[in-house]
Amino acid sequence: MSSKYSNLNFEEEPDFPIENIYPPRWNFDNEKAWQLYRRAKREQWDEENIDWKEVKDYATGLDRKQKLAIAYWWSLLSNFDNATPVFAYAVIKSFEQHLDTAVKGVLTTITYDENRHNVMCGLAINSVLPGFPFDFKPQDDLEKKAKLNVLWTWWNGSRYWKAYLEAYKKYTFDVLFTSFMMGEAAATTVFTTMSKGAKLKAFQELFKNTAVDETRHYAFTHLIMSQNAQKMDEERKKLVTKQIRAGFVFLSLITYKPPKDFWKLPPWFTEVHEKMEDIARDAGFYIPTIEEKEQAWKQAVLRVGASLKHYGIKLPDMPELGISGEVIEEISEEDYIPVF
Ligand SMILES: [Fe+2]
Ligand SMILES: [Fe+2]
């Protein structure tokens, strides 16, 4: 029986298929990426070493609505920190595209980091209101709507996941990862603010450690951008500008005001969301005010904008923050590829 392998010539070196993780290959230049890889290994922390008992003890002093509001916040955060597969997929792609050894190494550390953030969300919910949201039985309209807010946010996450998988067919790695800049920058500022405002030591530590991770992730996206921007043509640069806007819209749900674009949410979403945030604040769980959130975003956008400008990439128009730039006409479902 003849097979597709019947003509192999073993006297010659084999032809490797393109877009394949084989052959393994290593390079030891790109010192900046190696530095980041070493930093990632140094800065690891263990979410199970957080004093979760402190959180549980605190929760026993809360009423039902307060517990719900805090579990609600963590559930929404988990929409963005459900990013283990996002980076795991990026690891696969980076091997298929034979990126630098250190770049692949950094991506594996981000995969591990994001998994830690995801487990952290689960542990936080489990310490405050175990089983939320799936096992939670609403007792009134507000509780029902809060639960639905979470589930519909996650449903939007599922739309994002499909778009993300498709994105690798359309965008090059550098454009994709430059798109992540906005998310990582926003995450850094939000978590820093939250760690400063948190009352419980456990939460202070959690947010501080997470901010350290996100700062490193930001540094990685910045590295990818700075090492590739010179090679980007005008069309790619425009794509990046569009992605910065997409990042803002996507992440605004947790970091700013729930946005209108992209999101398909229940009509009561904002009202219930704001109520939940207020209840959580009253319970002593620090959530930045809208002014603080605006400030954090502005800072993040200007920070990203300053780096991009250096490489001739424009900022998008952000009328919400009073920042004017390129007007982005329309962002479709397939355009959403930013993560925390
Ligand atoms: Fe994260
Ligand atoms: Fe991140």
Just in region 181-226: which trypsin sites (Lys or Arg not before Pro) are loop by DSSP and have at most 16 other Cβ atoms within 10 Å? LYS199
Taking neighbour counts of Cβ atoms within 10 Å as a proxy for exposure, in what order, fewest first, do LEU8, LEU142, LEU253 appear? LEU8, LEU142, LEU253
Quick one: helix 201-228 against the long Cα principal axis of the chain, what's the angle to the nearest 10°, folded into 0 to 90? 30
If you filter region 229-338 for trypsin sites (Lys or Arg not before Pro), then keep DSSP loop positions with at most 16 other Cβ within 10 Å, what is left? LYS260, LYS264, LYS314
Straight-line reach check, LYS65, cutoff 18 Å on alpha carbons, 8 or more apart in-chain or any other chain, hits among lysines -> LYS56, LYS137, LYS144, LYS145, LYS147, LYS275
Which loop-located chymotrypsin sites (Phe, Trp or Tyr not before Pro) does region 8-110 contain, where loop means any DSSP state but H, G, I, E or B and the Cβ has at most 11 other Cβ atoms within 10 Å? PHE10, TRP26, PHE28
Near the amide H of ILE323, under 5 Å away, which other amide H atoms are found, from residues 5 or more places off or on another chain, if H is placed in the peptide plane? MET318
Can you divide the C-alpha Rg of the chain by 2.2 N^0.38 Å and report the result to two decimal places? 1.07
When the Kirkwood hydrodynamic radius is evaluated over all pairs of different C-alpha atoms of region 140-238, what value in angstrom, to one decimal, is obtained? 16.1
For the LYS231, ASN20 Cβ pair and Förster radius 22 Å, calculated FRET efficiency rounded to 0.05 is 0.40
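Coordinate-derived values only; no laboratory data. It should be emphasised that the depicted structure is a prediction, and the values quoted were computed from it without experimental measurement. Reconstructed Cβ throughout: ideal geometry from the backbone, glycine too, with neighbour counts over all protein chains shown.
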